[in-house]
Amino acid sequence: LCPALALAGWCPLSPTAAQTTQLLVEPPWRPAVLWDRVTLTCQGLRTAGATTWYKDGRHWGQEFWCKFVVTECGTYMCVRFSSGFSHPVRASNDHLVLQVAALTLLEGDTVTLRCRA
């Protein structure tokens, strides 16, 4: 059982070195769980204009907001102009979840996992 989506309305500046669209997760744990009040922020090469959102592989909408609070289970992606698709972010409503910090990991890195219920 997953409730509806609530949109918020502001866009932070994109990093100047970014070459692709990034989907930022707050709090920064994956998989994201709805009971954490997860916020997704889509960042691309430009800071103004519409963001195209995808949920579960399907076009989900186009908004002038690049940030929203997730209140629906699913896998989310976004596009900001011609900067390409973001990586997917899965949001679940599972009662027991093993999470990892939402960072790029390389072989040999030390990671922190957390088991939550």
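The values are calculated or read from the model by the stated rules, or taken from the named source; none is laboratory data. For clarity, every value in this text was computed on a predicted model and none was experimentally measured. Backbone-built Cβ (ideal geometry, glycine too); neighbour counts: all protein chains shown. Just so you know, the surface numbers come from the protein's heavy atoms only, side chains and all, with ligands and any DNA or RNA stripped out. Shrake-Rupley method; radii C 1.70, N 1.55, O 1.52, S 1.80 Å.
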Report task. Please work out the average accessible area per residue across the stretch 38-79, using the 1.4 Å probe convention, and give it in Å². Result -> 45
**Report entry** Per-peptide average of other Cβ atoms within 10 Å, ordering 99-109, 57-67, 71-81 highest first
**Finding:** 71-81, 57-67, 99-109
Report summary line: Taking every other residue with Cβ under 12 Å from the Cβ of V70 and scoring Lys and Arg +1, Asp and Glu -1, one gets +1
Report summary line: In this structure, the FRET efficiency calculated for E63 and E107 from their beta-carbon separation, with R0 = 30 Å, to the nearest 0.05, is 0.20
